[in-house]
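Data block below; observations after.
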């Protein structure tokens with residue numbers, strides 16, 4: 001029996017090694033959203049395209065939508081833009097833009113030059129809605145269901161994998 | 001070993017380093033000192049969501065600046081520390097806490113070290129007890145052997161005594 005005790009350090013080492021090995025493949029940037037399963041924060045902000053138009057949650061109630069956080073100062077957003085146009089062209093889900101801490105002329109130019117995948121774009125100049133959403137970098141994409149509940153959040157550009165997952169969650173595949 | 005130019009380089013580096021170190025400090029106005037103390041405490045123990053291993057106080061990330069401004073605004077609105085921390089958790093999750101809350105998922109984190117310490121003490125006590133009892137047993141064994149030998153010696157002595165008489 002005491003001989004078996006000699007294997008305790010080896011067993012501990014193996015267990016520790018397994019945890020550390022798993023740790024190597026974890027993404028330190030992956031952060032669960034605190035908002036999953038909670039209602040999309042209420043907001044009242046102007047549109048980028050029509051400064052006089054005030055947008056609220058009611059503007060996308062009743063159907064699942066993607067909310068895409070972007071800004072003209074964000075290089076990855078430019079990279080992501082063509083993918084968003086492709087997604088919009090599939091007509092499976094409406095995409096709502098959220099222009100985060102940006103300037104209106106630059107944003108308007110962006111939409112005119114690169115194309116506009118958004119049903120409309122919320123102009124969050126101060127980043128207040130971004131703060132309520134827990135945005136910590138653009139681009140970020142949220143899936144909001146018909147009841148206005150956040151179902152999914154992705155930080156970073158939309159990849160085909162992410163789009164697959166979103167379609168499954170939204171039942172539009 | 002530093003020559004003159006090396007020294008001046010070092011001096012320049014120190015100068016630049018100190019500029020860098022103060023870059024994150026903005027000017028925040030507080031109506032009283034306790035708010036200022038709470039501000040430093042809160043920004044010190046809340047983690048910047050963007051930058052992994054910096055608190056809100058030290059980070060230069062735009063989001064950290066926004067959160068500092070937000071915390072200052074909430075302090076001015078007379079919000080309690082708990083309200084401010086809840087506000088952050090509602091948005092960024094437990095990730096922002098450098099002092100994780102005590103709940104079922106963090107029991108291991110909070111009580112694990114103490115449990116390991118107690119386990120270690122138990123093991124040490126058990127081992128030392130076992131050694132101690134083994135030692136006394138050894139001593140007893142030596143003693144019994146001695147008494148046996150003593151008796152043998154005595155009987156031998158007695159035998160020789162009988163023969164001689």
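The values are calculated or read from the model by the stated rules, or taken from the named source; none is laboratory data. This one's a predicted model, so the numbers in the text were calculated from it and none came from an experiment. Ideal geometry is used to build each Cβ from the backbone, glycine not excepted, and the neighbour counts take in all protein chains shown.
Tabulated data
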item: In segment B:55-87, residue nearest to residue B:45 (Cα to Cα) [restricted to those that are at the interface with chain A (Cβ under 9 Å from one of its Cβ atoms) and assigned to a helix (DSSP H, G or I)]; result: B:67
item: Index of the failed condition, residue A:86 passing every other in (1) in contact (Cβ under 8 Å) with a residue 12 or more places away in the chain; (2) more than 14 Å from chain B (Cβ to nearest Cβ); (3) closer than 22 Å to residue A:158 by Cβ; result: (1)
item: Within segment A:108-126, considering residues that are buried (at least 21 other Cβ atoms within 10 Å of the Cβ) and over 26 Å from residue A:171 (Cβ atoms), the one nearest to the other protein chains (Cβ to nearest Cβ); result: A:124
item: Residues that are surrounded by 10 or more Cβ atoms within 10 Å (Cβ to Cβ), within 14 Å of chain B (Cβ to nearest Cβ) and over 28 Å from residue A:103 (Cα atoms), drawn from segment A:16-30; result: A:16
item: Meets criteria (away from every other protein chain (no Cβ under 14 Å), farther than 26 Å from residue A:172 by Cα and crowded, with 20+ Cβ neighbours inside 10 Å) for residue A:71; result: no
item: Answer from A:102, A:52 - the residue that is away from chain B (no Cβ under 14 Å), farther than 30 Å from residue A:168 by Cα and assigned to a loop (DSSP other than H, G, I, E, B); result: A:52
item: Count - residues of segment B:31-54 that are more than 12 Å from every other protein chain (Cβ to nearest Cβ) and either loosely packed, with under 15 Cβ neighbours inside 10 Å or assigned to a helix (DSSP H, G or I) (or both); result: 15
item: Residues located in segment A:134-151, provided they are crowded, with 19+ Cβ neighbours inside 10 Å and part of a strand (DSSP E or B); result: A:140, A:141, A:142, A:143, A:144, A:150
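Here's the yes/no breakdown for (1) touching a helix residue (DSSP H, G or I) at 6+ places or on another chain (Cβ under 9 Å); (2) outside the structural domain of residue B:39 (by TED's automatic domain parsing); (3) surrounded by 10 or more Cβ atoms within 10 Å (Cβ to Cβ):
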position: B:66; (1), (2), (3): yes, no, yes
position: B:69; (1), (2), (3): no, no, yes
position: B:86; (1), (2), (3): no, no, yes
position: B:118; (1), (2), (3): no, yes, yes
position: B:123; (1), (2), (3): no, yes, yes
position: B:137; (1), (2), (3): no, yes, yes
position: B:155; (1), (2), (3): no, yes, yes
